[in-house]
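Have a look at the structure below before the remarks.
The values are calculated or read from the model by the stated rules, or taken from the named source; none is laboratory data. Model, not experiment: these values are computed from the prediction. Ideal geometry is used to build each Cβ from the backbone, glycine not excepted, and the neighbour counts take in all protein chains shown.
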Amino acid sequence: MADSGEGKRLIVLTESYGNEVWDPKYESGDKHVWHFPLHSHMITTDDELTYTKDGLATDWSVSPDGLDISWTIREDAVFHNGDALTPEDVAWYLRYIQDDGARSVVRIRIWRLVAADNPDNSAYEGDNTHIEKEGHARVTGPNEVTMSFVRPTLNFLADVSEVGGGTGGSVMSKAYFESLGSNDQERSDGLIANPNPGAAGPFDLVSFTSGSQIVYEKRDDHFILEKRPYPFDELEINLVSEAATRKAALLSGEADISPIDVDSREELEAAGLQYRFGPESTVIWINAWNCSADAPQNLGYDKSREQDDQGNYIGDPVGTPLMCQDKRIRHALDYAIDKEAIQELVGGPDLFHIAGTAAAAPSGIGYRPNAGLDPFPFDPMKARELFIEAGYNVPEAPNPDGGTFPAVTNLQDPVMPGGGDEWNVWTWEAGATVPKMLQIVEFVCDDWSTYLGLNCKVNVGEEAAIKDRQYGGEIPGQYLVRSNEHSYDTGSKLIGRFGDPAGSYISYDPLTEPLIATAVSSTSPEAQEENYYQALRQAHEGHWDFAPGYLDAPYAISARIDDWRPRALRPSPSALWTIRWAN
């Protein structure tokens, strides 16, 4: 029989709490998985990531034209203050978090696709972000809520499910939220002080210390416990950024689960600990901003060099073409990377997998093995041939198969984005879920320098600051080599990266856009798989972004735990209800 966990406390260590915002509208990043115990999601998933009807929604349907999604809301759900969770709460919550003032670019992107009584989005933008889009999420029956879109957007089902990566599918109490103040700022501050009464998840928040600790206590009467009998009464999550401190806590028995690199595996297993791996949790994502000649922001040209004090471009409005506008260059950059060297660096084939794209992993919708959705093979000769074909010199370089590649010097030297003589690459520390991230980036940079003659420089900074520089248009054509979470449903990522003619945040691609629109309109599993594959295949051919592979996140578990089975595609410890204590 399963251990009831009565009286037990599970102690988990983490490297980040995200931006520590308890208001779901302003959350950013994937670390809000640590808010999951406080909330229930509209749609749950099983071990195969199939949508199940055990969450706040007990059923859902899509209109024949694909423009309306309706959910049947559970009748026995209550908020932690005892108030019943109603369809009115659900409709209000969906309107509240999906708007132009949201912190998440995914939320803003969805908001632009939702229908409203006033079809003019400008009525809700700028100084009017406080105005809700009336009509797009509404109560349509005794226990039914419907959301309408301007075009089929079935990927929204993932956004309100547990595979969405955030709390977009959770529901807060409207009455409690509005009781916290007269405006959104006061109410958000009130949630930081006490988010618990207006939440509806299986755990109460007992305490939260910023930058230090979260403590939860299980609610014994919650509906999800019949399917997920968490074998502990209390959950303690401690923020510990230093790897050595996390390791010491595991060895001393002060922690039960912690992300930990595999370099410590032999020592920890000798001490009676075990390793578990979160499948497909993190991809190494390589991308540059707006390389496409169709990108509305810069039309594939380098406009970062000369601007006046108002931010207007001086001189030629077109500017200098970015090297990455040429597909041959984008393909060459991938061929030049030795993926097996990266694999060996971070722990071998059991940890790093040379498969998938920058968006698609094996467990995601539309992925097919050996069907054009995997990293290009390491082929420095092919990389050099593409560079030469595009009109660029390449240096003499060692041939991995023996001998030397001769230099080609009768063409033009590579053009460095942003001016100067350095090919700038940007990154940040990624922690134990991507061990040796900085060394990975150095490997990539060294390969580009060695085989393609790029004077490659690694710039290490703070994550939010680098993202702001890229998405703010300050470093067009300069590459980021960074970690990113993988997704089950890549529809939102594909739209945001390549399918939005008004503002794709990587590079708008008119060849990929219609395929994405078809994919997210699919109403059957068979059509969805096929159409997602076609969209992913075209995106991979465009190669506006790419990946050398993905990692399974390594975790160590204490001797108190006999087994634990984390979910795929989650960048932090998940499925904690599968914990089994040692006797």
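Hey, among Ser258, Ser207, which residue is in a strand (DSSP E or B) and without any contact (Cβ under 8 Å) to a residue 24 or more places away in the chain? If you could, list the steps in order and put the result at the bottom.
Numbers: Ser258 fails: without any contact (Cβ under 8 Å) to a residue 24 or more places away in the chain.
None of the other options fit; the residue is Ser207.
If you go through the range 81-134 and pick out every residue that is modelled with pLDDT under 75, aliphatic (A, V, I, L, M) and over 30 Å from Pro202 (Cα atoms), you end up with 2. Residues of the range 455-478 that are touching a helix residue (DSSP H, G or I) at 6+ places or on another chain (Cβ under 6 Å) and either closer than 18 Å to Thr320 by Cα or among the hydroxyl-bearing types (Ser, Thr, Tyr) (or both): Ile475, Gly477. In the range 419-466, the qualifying residues are those that are within 28 Å of Gly391 (Cβ to Cβ) and among the small types (Gly, Ala, Ser), and the one that is modelled with the lowest pLDDT is Gly419.
If you scan the range 56-94, which residues turn out to be farther than 21 Å from Pro197 by Cβ and not small (Gly, Ala, Ser)?
Of all residues in the range 56-94, those farther than 21 Å from Pro197 by Cβ come to 57-72.
Within the range 56-94, Thr58, Asp59, Trp60, Val62, Pro64, Asp65, Leu67, Asp68, Ile69, Trp71, Thr72 meet the criteria.
In the range 423-459, the qualifying residues are those that are in a strand (DSSP E or B) and among the aliphatic types (A, V, I, L, M), and the one that is nearest to the chain's Cα centre (by Cα) is Val425. Taking the numbered list (1) within 11 Å of Ala359 (Cα to Cα); (2) assigned to a loop (DSSP other than H, G, I, E, B) in turn, Asn484 passes all entries but (2).
Only one of the numbered conditions (1) surrounded by 23 or more Cβ atoms within 10 Å (Cβ to Cβ); (2) more than 30 Å from Gly18 (Cβ to Cβ) is not met by Gly453, and that is (1).
If the condition is being under 20 Å from Gly201 (Cα atoms) and either in a helix (DSSP H, G or I) or over 25 Å from the mean Cα position of the chain (by Cα) (or both), then the range 229-250 contributes Pro229, Tyr230, Pro231, Phe232, Asp233, Glu234.
Across the range 65-121, the qualifying residues are those that are assigned to a strand (DSSP E or B) and in contact (Cβ under 8 Å) with a residue 40 or more places away in the chain, and the one among them that is surrounded by the most Cβ atoms within 10 Å (Cβ to Cβ) is Trp71. Evaluated against (1) closer than 20 Å to Tyr471 by Cα; (2) among the polar types (S, T, N, Q); (3) part of a loop (DSSP other than H, G, I, E, B), Ser492 falls short on exactly one condition, (3).
Residues in the range 516-539 that are within 16 Å of Leu373 (Cβ to Cβ) and surrounded by 24 or more Cβ atoms within 10 Å (Cβ to Cβ): Ile516, Ala519, Tyr532, Ala535, Leu536, Ala539. For the range 252-270: of the residues being modelled with pLDDT under 95 and hydrophobic (A, V, I, L, M, F, W, C), which is surrounded by the most Cβ atoms within 10 Å (Cβ to Cβ)? Filtering first and then ranking leaves Ile260.
Would you check which residues across the range 215-228 are in a helix (DSSP H, G or I), touching a residue at least 40 places away in the same chain (Cβ under 8 Å) and not aliphatic (A, V, I, L, M) and list them? Listed by number, the list holds a single entry, Phe223.
Yes/no matrix, rows are residues, columns are (1) surrounded by fewer than 20 Cβ atoms within 10 Å (Cβ to Cβ); (2) assigned to a helix (DSSP H, G or I); (3) assigned by TED's automatic domain parsing to the domain that holds Ser487:
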{"site": "Ala358", "(1), (2), (3)": "no, no, yes"}
{"site": "Ala371", "(1), (2), (3)": "yes, no, yes"}
{"site": "Ile388", "(1), (2), (3)": "yes, yes, yes"}
{"site": "Asp401", "(1), (2), (3)": "yes, no, yes"}
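Conditions (1) at pLDDT below 85; (2) within 25 Å of the chain's Cα centre (by Cα); (3) farther than 28 Å from Leu536 by Cα; (4) not in a strand (DSSP E or B), marked per residue:
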{"position": "Asp309", "(1), (2), (3), (4)": "yes, no, yes, yes"}
{"position": "Gly315", "(1), (2), (3), (4)": "yes, no, yes, yes"}
{"position": "Val318", "(1), (2), (3), (4)": "yes, no, yes, yes"}
{"position": "Cys324", "(1), (2), (3), (4)": "no, yes, no, yes"}
{"position": "Arg328", "(1), (2), (3), (4)": "no, no, no, yes"}
{"position": "His331", "(1), (2), (3), (4)": "no, yes, no, yes"}
{"position": "Asp334", "(1), (2), (3), (4)": "no, yes, no, yes"}
{"position": "Gln343", "(1), (2), (3), (4)": "no, yes, no, yes"}
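Gly55 fulfils the conditions (1) in contact (Cβ under 8 Å) with a residue 24 or more places away in the chain; (2) more than 16 Å from Met147 (Cα to Cα); (3) over 26 Å from the mean Cα position of the chain (by Cα) except for a single criterion, (3).
Taking the conditions exactly as written (under 30 Å from Gly419 (Cβ atoms) and not small (Gly, Ala, Ser)), does Ile506 satisfy them or not? The answer is yes for Ile506. Just one residue in the set Ser241, Ser207, Ser281 is closer than 28 Å to Leu56 by Cα and either surrounded by fewer than 14 Cβ atoms within 10 Å (Cβ to Cβ) or of a type in the set (Val, Ile, Thr) (or both); that residue is Ser207.
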